[in-house]
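**Q** Here it is, the structure in full.
The values are calculated or read from the model by the stated rules, or taken from the named source; none is laboratory data. This structure is a prediction, so every number in the text was calculated from the model and none was measured. Glycine also receives a Cβ, built like all others from the backbone with ideal geometry; neighbour counts cover every protein chain displayed. Only protein heavy atoms, including side chains, enter the accessible area calculation; ligands, DNA and RNA are left aside. Shrake-Rupley method; radii C 1.70, N 1.55, O 1.52, S 1.80 Å.
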Amino acid sequence: MAASPGAPRAPVDEAPPPQPEARTSERSSDSRAGQLSFCTKVCYGVGGIPNQVASSATAFYLQLFLLDVAQVPAAQVSLVLFGGKVSGAAADPVAGYFINRSRRTGSGHLMPWVLGCTPFITVAYFLLWFLPPFTSLRGLWYTSFYCLFQALATFFQVPYAALTMLLSPCPRERDSATAYRMTLEMAGTLMGAAVHGLIVAGAHGPHRCGDAALAGPLAVSPDATRLYSIAAAVLALTYPVCTGLLCLGVKERPDSSAPASGQGLGFLAGLGLTVRHPPYLKLGISFLFISAAIQVEQSYLVLFCTHASRLHDHVQSVVLTILVSAVLSTPLWEWVLQRFGKKISAFGICVMVPFAILLAAVPTAPVAYVVAFVSGVSIAVSLLLPWSMLPDVVDAFQQQHQHGPGLETIFYSSYVFFTKLSGAGALGISTLSLEFAGYEAGACKQAEQVVVTLKVLIGAVPTFMILTGLCILMVGPTPKVPSQDPSRRQSLQRRTSYSLA
């Protein structure tokens, strides 16, 4: 029988409130439960090595391989590079859509995507450097496999990067795992350029021409194709090896957090809001120019050393100098960002401008090494700066629009998409300029117009793009928002990945 409203209620035994000692022990037990071992952090970091190894090798050597070894016409090479970059850019939102809609399996929600991509991306990377027996359709061959490789690399990287949030419920442990990942990804970048460059060094030396006529293309060298196939096989093996270690050493936890979707705001609606946000537009457009300039500088430096200067024997050393300088200067730039602010740090990007022009004018070995070192320093800050400014932009947007957490995913994915797209356009158009200048695939000596074009591509073009990007970045105030929600800022920073190639 229900008690009347006015009747006195019987006393109910209530549990005593938890004592401070109990709360402390409970928090410490949760912390211990979420603690990651050293082995787990290393295995997680190892999983990021293959994509950095492959992207480093393709950034510096793919264009040279296509033009001088595979002897694909420059116009077709421009389509190869453009198509591959566009494919990688388009795969970003597609990967996020399908991965979010996929179901959890016995091995987790994200790990099956990484494992499933591994055999296909291994084969695609090897065939990207393989010389088919036919000549008329080589452009189509390399376009197909470069597009496939870029798309698969995105489907590999997106779930791998998102795996950070499912390693541990403890933010400090996730940040520690991210630090391991960044360190090993940088090591992978160095390893990719170093191993690939050392293996194929014999394919581009001055002895390659011998007593042959300097004008006109040479026959495809069997030694060159063999060396590139060996390098491709060695680097392709990093995918199954590193993915195996990732699977063995990392256990994916169930995702018990609520979906970060910004109160049901769809991707297209969120994208429409973000691209109309002035600080984001300024940041995005400025780094479209800057990132395209860095990609052009990287892609044409090896070609310049091979055909526009007598630096054949220094190509591998110059490339390694750039990467080592970028890795070593990264901690310095992180300190400068915190100590002097983002606008002051941005001027570090333009340090490479006078030196790039100097290399085009005086292409000697000492100048090349100085330029390589300074370029590495500038590349480091150009990679760090956008990911340092993007959280400020997200915070400013959230305070103005109040759409809830989760829109940082749209900011990040759209920024990556447009950055890749700008690189595709820059590399495609610049390679097409070699065709107009009369570049002859496989020739020992190029025409004077080609030499001049290469000098413009490593000097004037990056200079114009960098200065344009910096001018756009410096217009108007930099968003400065009190960090009221540090968890959202850390979440965004954990999604980012610094790639030196």
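**Q** Within segment 88-121, which residues are buried (at least 22 other Cβ atoms within 10 Å of the Cβ) and of a type in the set (Ser, Thr, Tyr)?
**A** Correct list: empty.
**Q** Do we have any residue at all in segment 265-287 that's at pLDDT 80 or above, open to solvent by 50 Å² or more (accessible area, probe 1.4 Å) and of a type in the set (D, E, K, R)?
**A** So in segment 265-287, the residues at pLDDT 80 or above come out as 276-287.
Of the ones still in play, those that are also open to solvent by 50 Å² or more (accessible area, probe 1.4 Å) are 276, 278, 281, 285.
Going one step further and asking which of them are of a type in the set (D, E, K, R), we end up with 276.
For segment 265-287, residues at pLDDT 80 or above, open to solvent by 50 Å² or more (accessible area, probe 1.4 Å) and of a type in the set (D, E, K, R): present.
**Q** On the basis of being open to solvent by 20 Å² or more (accessible area, probe 1.4 Å) and in the same structural domain as ALA89 (by the TED database), does ALA177 make the cut?
**A** no
**Q** How many residues does segment 98-125 contain that are in contact (Cβ under 8 Å) with a residue 40 or more places away in the chain and within 24 Å of LEU421 (Cβ to Cβ)?
**A** 4
**Q** Further, regarding this structure: Looking at (1) at pLDDT 85 or above; (2) open to solvent by less than 40 Å² (accessible area, probe 1.4 Å); (3) over 30 Å from LEU66 (Cβ atoms); (4) of a type outside the set (Asp, Glu), can you tell me which one ILE290 breaks?
**A** Result: ILE290 passes all but (3).
**Q** Same structure again: Of the numbered conditions (1) under 18 Å from SER382 (Cα atoms); (2) modelled with pLDDT of 85 or more, LYS342 satisfies every one except a single condition; which is it?
**A** It is condition (2) that LYS342 fails.
**Q** Separate question: What are the residues in segment 163-174 that are under 22 Å from the mean Cα position of the chain (by Cα) and farther than 12 Å from ARG253 by Cα, if any?
**A** Within segment 163-174, just ARG174 meets the criteria.
**Q** Of all residues being part of a helix (DSSP H, G or I) and open to solvent by less than 10 Å² (accessible area, probe 1.4 Å) in segment 147-174, which is modelled with the lowest pLDDT? Just the residue, please.
**A** The residue in question is THR164.
**Q** Can you work out which of the residues in segment 122-145 that are in a helix (DSSP H, G or I) and open to solvent by less than 10 Å² (accessible area, probe 1.4 Å) is farthest from GLY47 (Cα to Cα)?
**A** Among those residues, the one meeting the criterion is GLY139.
**Q** What is the one condition in (1) free of Cβ contacts under 8 Å to residues at least 24 places away in the same chain; (2) touching a Phe, Trp or Tyr at 6+ places or on another chain (Cβ under 6 Å); (3) within 26 Å of ALA187 (Cβ to Cβ) that PRO132 does not satisfy?
**A** Among (1) free of Cβ contacts under 8 Å to residues at least 24 places away in the same chain; (2) touching a Phe, Trp or Tyr at 6+ places or on another chain (Cβ under 6 Å); (3) within 26 Å of ALA187 (Cβ to Cβ), PRO132 violates only (3).
**Q** Considering VAL69, VAL86, VAL80, which residue is out of contact with any strand residue (DSSP E or B) (no Cβ under 8 Å at 6 or more places or on another chain) and more than 23 Å from ARG226 (Cβ to Cβ)?
**A** VAL86
**Q** Going through TYR369, TYR415 one at a time, which residue ends up being of a type in the set (Ser, Thr, Tyr), within 25 Å of THR321 (Cα to Cα) and part of a helix (DSSP H, G or I)? Step through it out loud before you land on a result.
**A** Values: TYR415 fails: within 25 Å of THR321 (Cα to Cα).
Among TYR369, TYR415, only TYR369 is of a type in the set (Ser, Thr, Tyr), within 25 Å of THR321 (Cα to Cα) and part of a helix (DSSP H, G or I).
**Q** Just one of VAL319, VAL336, VAL324 is more than 22 Å from GLY428 (Cβ to Cβ), open to solvent by 50 Å² or more (accessible area, probe 1.4 Å) and not assigned by the TED database to the domain that holds ASP68; which is it?
**A** VAL324
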